[in-house]
Each structure stands twice: as C-alpha cells, then as structure tokens.
1. Inside the stretch 109-143, can you point out the residues that are at pLDDT 95 or above, out of contact with any Lys or Arg (no Cβ under 7 Å at 6 or more places or on another chain) and of a type in the set (Gly, Ala, Ser)?
2. Tell me, which strands (runs of 3 or more DSSP E) wholly within the stretch 112-199 include 2 or more residues that are surrounded by fewer than 21 Cβ atoms within 10 Å (Cβ to Cβ) and within 11 Å of the ligand (Cβ to nearest atom)?
3. How many residues does the stretch 58-79 contain that are farther than 15 Å from Ile28 by Cβ, away from the ligand (no atom under 12 Å from the Cβ) and in contact with a Leu (Cβ under 8 Å, 6 or more places away or on another chain)?
4. Could you please let me know if Arg93 is more than 18 Å from Lys184 (Cα to Cα), in a helix (DSSP H, G or I) and among the charged types (D, E, K, R)?
5. Filter the stretch 1-20 down to the residues that are surrounded by 17 or more Cβ atoms within 10 Å (Cβ to Cβ) and either assigned to a strand (DSSP E or B) or more than 16 Å from the ligand (Cβ to nearest atom) (or both) and list them by number.
6. Taking the stretch 1-58 only, how many residues are aromatic (Phe, Trp, Tyr) and in contact with a strand residue (DSSP E or B) (Cβ under 8 Å, 6 or more places away or on another chain)?
7. For residues in the stretch 32-47 being among the hydrophobic types (A, V, I, L, M, F, W, C) and within 12 Å of the ligand (Cβ to nearest atom), which is surrounded by the fewest Cβ atoms within 10 Å (Cβ to Cβ)?
8. Go through the stretch 111-139 and report how many residues are under 27 Å from Cys65 (Cα atoms), without any contact (Cβ under 8 Å) to a residue 40 or more places away in the chain and touching a strand residue (DSSP E or B) at 6+ places or on another chain (Cβ under 8 Å).
Amino acid sequence: MTELIFATNNAHKVNEVQAAVGNRLKVITLKEAGIEIEIPEPYDTLEDNARGKSRTIHQITGKNCFSEDTGLEVASLNGEPGVKSARYAGEEREPSANTQKLLQRLGGSFDRKARFRTVICLIFDGEEFLFEGICNGSIATAPAGSGGFGYDPIFIPEGNERTFGEMTMEEKSRISHRKKATEKLIDFFSTNLPDVKNG
Ligand code: IMP
C-alpha cells in the first residue's frame, strides 16, 4: 500500500483523512515517521502555510508527504478568523476561547454565513500539488455538541440543523472541507497511481 506522511500532530485530522481514504493509502503521522517537531505556520495564507509545512517535512525525510491548513472564514467578518483560526483568541490556541471570541464578534448578527476551507499541499516525486476543499455553512448562536474539535461546536454545515460538534466523526467526514480536499488528493492518486484506486 502506498504510504504518505501527513505533516501534522493533530490526531483528529489524521483519523479524518484516514477515514476518507479508507484502505487506499496508509497515512503515516509525523510521530510514526519518527519526526517530533512542531511545524510553524507563519504565513498569511492557507496555501503558503500548507506549502511551508510540506517543504519542511520533504526536506527532512526526502519522502512523499502532504500537509494541510484549514481556516474558518466568516463572511460578515471579512473572512475572519481565516488563517488565524488557531490563534484567534491568543497564543494559547484554546478552542473554547476561540469559539467564544467568534460568537462575541458576531453578536446577534443575522448574517452568520461561514465556510471552512482546507488547502492540502502534496509533494509527490519532488513536485508540488495543491488541493482545496470548502464546506459552506453558518455559525450557531451558541456551542452545541462535544464531538470533533476546534470550531466544530459552532459550525452548522449547509443543509443541516446540527453543528459538526453534534455529529459523529463519520457524519462529519462525509461532508467536511477536509473530506473534499482529501477526495481531490485521492483522485490525484487514482489517476497517477491506478493501483491505489482499488486498494
Ligand atoms: P490548523 O489547520 O491546524 O492550523 O487549524 C486552524 C484552526 O482551525 C484550529 O484552531 C483548529 O482547531 C481549527 N480547525 C481546523 N480544522 C477544523 C475542523 O475541521 N473543525 C473545526 N475546527 C477546525
């Protein structure tokens, strides 16, 4: 089976991506690859952060790898928190503080339109490829549910009445931004490595 290093230390993300790719690819965490570093995300765009992380891991290992960066973009806040999603309420990267800050910034606003956007950067055979996944939705008026992570308790995906936090990982994984970007990654492998298609 084709192995790929996923440049993240976030177990939730690894589980979501592995659930999306099934047995077609074996996703290896940084830890499993023997790399114990926190990779910085210093750039102003999701694309640049994803590229930076993949380049770092590729330089260290010389192996095929991918990374992703995700942001929650709220339309009426000009795309905030966006690339700053992790540190929205401070360097502590505290998810509940981030969600509280966002709820406060939105107040009682009726325009609660938002989207999660994921950018994956794959480095394969030394070449770089970018894949984007978007999940449209809206921001709830109060947190609901304890599933998922980050902003999940306040994000209601389009066509749903429940937040991501109220869904099982499988339910979220079927419709999420990460799933959509991952599907493009899988399509890439199905085209370029046909044996991956059939697992
Ligand atoms: P990063 O991609 O790890 O930099 O994530 C940026 C921020 O967005 C972090 O605060 C995460 O908790 C949050 N985030 C990323 N992906 C998701 C998601 O699927 N659901 C909810 N929050 C997320």
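The values are calculated or read from the model by the stated rules, or taken from the named source; none is laboratory data. Small disclaimer: the values here were computed from a predicted structure and weren't measured. Counting neighbours? That spans all protein chains shown, and the Cβs are built from the backbone with ideal geometry, glycine included.
1. Ser109, Ala114, Ala140, Ala142
2. Of the strands (runs of 3 or more DSSP E) lying wholly inside the stretch 112-199, none has at least 2 residues that are surrounded by fewer than 21 Cβ atoms within 10 Å (Cβ to Cβ) and within 11 Å of the ligand (Cβ to nearest atom).
3. The total comes to 3.
4. Considered against the rule, which asks whether it is more than 18 Å from Lys184 (Cα to Cα), in a helix (DSSP H, G or I) and among the charged types (D, E, K, R), Arg93 comes out as no.
5. Scanning the stretch 1-20 gives Leu4, Ile5, Phe6.
6. 1
7. Filtering the stretch 32-47 for residues that are among the hydrophobic types (A, V, I, L, M, F, W, C) and within 12 Å of the ligand (Cβ to nearest atom), the one surrounded by the fewest Cβ atoms within 10 Å (Cβ to Cβ) comes out as Ile39.
8. Residues meeting the conditions: 0.
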